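Trainee: Below: one structure in structure tokens.
No lab work stands behind these numbers, since they all come straight from the coordinates. In this text the structure is predicted, and so the values were computed from the model without any measurement. Note that each Cβ is placed from the backbone with ideal geometry, even for glycine, and that neighbours are counted across all protein chains shown.
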Amino acid sequence: MKQPNLTIVSHPLVQHKLTLMRDKNLSTKGFRELLREIGLLLCYEVTRDLELSLTQIETPVAPMIAPILTGKKLVFAPILRAGMGLLDGMLELVPSARVAHIGLYRDPDTLQAIEYYFKAPSDVAERLVIVTDPMLATGHSAVAAIDRLKQRGVSDIRFVCLLGAPEGVAHMQKFHQDVRIWSAALDEKLDDHGYIVPGLGDAGDRMFGTK
Ligand code: URA
């Protein structure tokens, strides 16, 4: 079924890199590098409709009227820890963006998100905030992070992930219908431990080699 708030980034480079990342034999180094590269490509897509205006400049050859970004300034908001994996690629594309860190962990029994850290720029409410987490599984962390940003007055929020599960997308749709999601793929389901199937395993462990 087509999800109204979900954009699947079907670009061949994204799909190819994602397939390499799913392979359980990929090294930690390879996983981290590919996540950075996909972060950059997803950032390209999530910023596709940013507002432009026209400005007068002079090239070495002639004066001209040229487009320039004028909309809200950006904040990238990785959900710790795996969300950090997408950050470097995104900052490569938008080096002037600010960063908000949102520390959440999943209670292994309830799968609920528990906050342990939150630090955002003081003007976060005036900015477009792009929340990142490679895995949109149950959706509890994503919803909790967005709850927190909305409490801080943020009204313009987007969510970028590598893989979504139907359960996570539905959970986001239920609590934050206004937040659009960009993902490289929508997988089949969650297993009994809240892992995405077929998925790619624990993204944090694979990024940092902690298993
Ligand atoms: N978090 C992960 O890292 N992987 C999953 O499959 C689900 C949640």
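Trainee: Could you work out [θ]222 nm for the chain from helices alone, using -39500 (n - 2.57) per DSSP H run of at least four and dividing by all its residues? Round to the nearest 500 deg cm²/dmol.
Mentor: On the way: 6 runs with 68 residues, N = 211.
For the chain, the value works out to -10000 deg cm²/dmol.
Trainee: Quick one, what does Rg over Rh come out to for segment 1-102 if you take C-alpha atoms and the Kirkwood Rh?
Mentor: Numbers: Rg = 17.3 Å, Rh = 16.0 Å.
With Rg and the Kirkwood Rh in hand, the quotient comes to 1.08.
Trainee: Given a cut-off of under 8 Å on Cα pairs at least six residues apart, what relative contact order in percent is computed for the chain? Walk me through the intermediate numbers first.
Mentor: On the way: 406 pairs, mean separation 48.4, N = 211.
Dividing the mean separation by the residue count of the chain yields 23 percent.
Trainee: So how do 139-148, 24-33 stack up, highest first, on mean other-Cβ count within 10 Å? The partial results should precede the final answer.
Mentor: Values: 139-148: 22.8, 24-33: 13.4.
By packing density, highest mean first, the sequence is 139-148, 24-33.
Trainee: Over 23 Å between Cα atoms, which of Lys24/Lys189; Lys72/Lys174; Lys17/Lys150; Lys29/Lys119 qualify? Could the numbers behind the result be given before it?
Mentor: Details: Lys24/Lys189 19 Å; Lys72/Lys174 26 Å; Lys17/Lys150 33 Å; Lys29/Lys119 28 Å.
The answer is Lys72/Lys174; Lys17/Lys150; Lys29/Lys119.
Trainee: Now for a different question. Which of the peptides 196-204, 92-100, 58-66, 159-167 is most tightly packed, and how do the rest follow, going by the mean number of other Cβ atoms within 10 Å of each residue?
Mentor: Values: 196-204: 18.6, 92-100: 15.0, 58-66: 8.0, 159-167: 25.3.
Ranking, from highest mean packing down: 159-167, 196-204, 92-100, 58-66.
Trainee: Taking only the alpha carbons of segment 112-211, what extent do you get along each of the three principal axes, in Å, biggest first?
Mentor: Ordered largest first, segment 112-211 gives principal extents of 39, 29, 23 Å.
Trainee: So how tilted is helix 84-93 from the main axis of the chain? Cα-based, degrees 0 to 90, rounded to 10.
Mentor: With both axes taken from Cα atoms, the answer is about 20 degrees.
Trainee: Report Rg (one decimal) and Dmax (nearest whole number) for segment 77-150, counting Cα atoms only, units Å.
Mentor: Both quantities, over Cα of segment 77-150: 12.3, 39 Å.
Trainee: In Å and whole numbers, how far do the C-alpha atoms of segment 6-208 stretch along each principal axis, longest first?
Mentor: For segment 6-208, the Cα extents along the three principal axes come out at 63, 38, 26 Å.
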